[in-house]
1. So which residues in region 1-29 are free of Cβ contacts under 8 Å to residues at least 12 places away in the same chain and among the polar types (S, T, N, Q), if there are any at all?
2. What pairs come up if the first residue lies in region 53-64 and is over 15 Å from residue 30 (Cα atoms), the second is surrounded by 12 or more Cβ atoms within 10 Å (Cβ to Cβ) and of a type in the set (A, V, I, L, M, F, W, C), and their beta carbons are under 8 Å apart, counting only those six or more places apart or on different chains?
3. Going by what's in this entry, would residue 26 be described as in a helix (DSSP H, G or I) and surrounded by 13 or more Cβ atoms within 10 Å (Cβ to Cβ)?
4. Kindly provide the set of residues from region 7-23 that are outside any loop (DSSP other than H, G, I, E, B), open to solvent by less than 40 Å² (accessible area, probe 1.4 Å) and of a type in the set (A, V, I, L, M, F, W, C), ordered by number.
5. Restricting the first residue to region 30-47 and requiring it to be within 20 Å of residue 19 (Cα to Cα) and basic (Lys, Arg), which pairs with a second residue that is open to solvent by 90 Å² or more (accessible area, probe 1.4 Å) and assigned to a loop (DSSP other than H, G, I, E, B) meet a Cβ separation below 6 Å and a spacing of at least six or different chains?
Amino acid sequence: MKKFTCQEMGGPCDVIIEGQTMEEMAQKGGDHVMATADLEHQKIAEQMKNETEEGKAKWFAWFKTIWDQKAES
């Protein structure tokens, strides 16, 4: 299990998100952003909705580098 804050994943807050896999973490992070009603989260949610496949692939490549560096908790 790894733990990241929303901010470590590119979001605006310090909510802790946990996951066993990088894909699970990405899903939970996206769900958190979509469910949070403040302006900063909604701005990111809108960007996520309009993201291209290339943009998503770039985010996953970036996230893989920090995923690989993060210790299990």
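1. Answer for region 1-29, where residues must be free of Cβ contacts under 8 Å to residues at least 12 places away in the same chain and among the polar types (S, T, N, Q): 7, 21, 27.
2. 64/22
3. yes
4. 9, 17, 22
5. No pair meets every condition.
Yes or no, residue by residue, for (1) open to solvent by 80 Å² or more (accessible area, probe 1.4 Å); (2) not hydroxyl-bearing (Ser, Thr, Tyr):
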position: 1; (1), (2): no, yes
position: 5; (1), (2): no, no
position: 33; (1), (2): no, yes
position: 36; (1), (2): no, no
position: 41; (1), (2): no, yes
position: 44; (1), (2): no, yes
position: 49; (1), (2): yes, yes
position: 56; (1), (2): yes, yes
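The values are calculated or read from the model by the stated rules, or taken from the named source; none is laboratory data. Owing to the predicted nature of the structure, the values given are computational and were not obtained by experimental measurement. Note that each Cβ is placed from the backbone with ideal geometry, even for glycine, and that neighbours are counted across all protein chains shown. Please note that ligands, DNA and RNA were not included when accessible areas were found on the heavy atoms of the full protein model with its side chains. Shrake-Rupley method; radii C 1.70, N 1.55, O 1.52, S 1.80 Å.
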